[in-house]
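Undergrad: Take this structure, written in structure tokens, and hold onto it; I'll ask about it next.
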């Protein structure tokens, strides 16, 4: 699935590719406050990360979102094109928001702005060794 790479906003991407927001997932780079250890959070485009829930899922006291600059440095990918599928070699923990388990497929970045890939949720969990957890909330 491709779109004009003029946006980094996952809700706009969902609109551009003609899919419901709950099916288009964004990949967020999160870090432990104690160790700076990076991890990935995959949540639907119409949701926002719940940092307390993410910390609990990761068994960390506190976590924070990586800045756009740090996320790009750590991943080697542009914000808006960060894909967990391109980062499997890093062995970072991956947390997939629980609602994804109710879907057959989700759509996420293929590793560059303007390109999305539709993947079966069960295969994604297997390939990424992703942990399902309630890590999001409604957007403010």
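Undergrad: Could you tell me the calculated FRET efficiency between residue 52 and residue 85, based on Cβ-Cβ distance and R0 = 25 angstrom, to the nearest 0.05?
TA: Working: r = 27 Å, r/R0 = 1.10.
The formula returns an efficiency of 0.35 here.
Undergrad: Now, a different point. How high is the FRET efficiency between residue 105 and residue 129 when r is their beta carbon distance and R₀ equals 22 Å, given to the nearest 0.05?
TA: Details: r = 19 Å, r/R0 = 0.86.
The calculated FRET efficiency here is 0.70.
Undergrad: Report relative contact order for the chain in percent, whole number only (criteria: Cα-Cα under 8 Å, sequence separation at least 6).
TA: 29 percent
Undergrad: Give me the extension gain from residue 64 to residue 9: residue separation times 0.36 nm, minus the current Cα-Cα distance, reported in nm with one decimal.
TA: Taking 0.36 nm per residue and subtracting the Cα distance, the gain is 17.9 nm.
Undergrad: Given the options 18, 111, 76, state which has the largest fluctuation in a GNM of the chain using a 10 Å cut-off (strictly under) for Cα springs.
TA: Most flexible of the set in this elastic network: 18.
Undergrad: Averaging over every viewing direction, what projected area does the convex hull of the Cα atoms of the chain cover, in nm²?
TA: So the mean shadow area of the Cα hull is 7.5 nm².
Undergrad: Okay, moving on. Does the stretch 20-80 come out rounded, prolate or oblate by the C-alpha gyration tensor, with a ≥ b ≥ c the root eigenvalues, rounded set by a/c under 1.5 and, if not, prolate when a/b is larger than b/c and oblate if not?
TA: oblate
Undergrad: With a Förster radius of 22 Å, plug the Cβ-Cβ distance of residue 118 and residue 98 into 1/(1 + (r/R0)^6) and report the FRET value to the nearest 0.05.
TA: 0.65
Undergrad: Helix-only estimate, please: 222 nm mean residue ellipticity of the chain, summing -39500 (n - 2.57) across DSSP H runs of length 4 or more and dividing by its residues, to the nearest 500.
TA: Value at 222 nm, helices only, nearest 500: -6000 deg cm²/dmol.
Undergrad: Considering the chain as a Gaussian network with a 10 Å cut-off on Cα pairs, which listed residue, 126, 64, 47, attains the greatest mean-square fluctuation?
TA: 126
Only the coordinates and a few stated rules stand behind these numbers; no lab work does. Fair warning: this is a prediction, and the values are worked out from it, not measured in the lab. With ideal geometry, Cβ positions are generated from the backbone for all residues, glycine too; neighbour counts draw on all protein chains shown.
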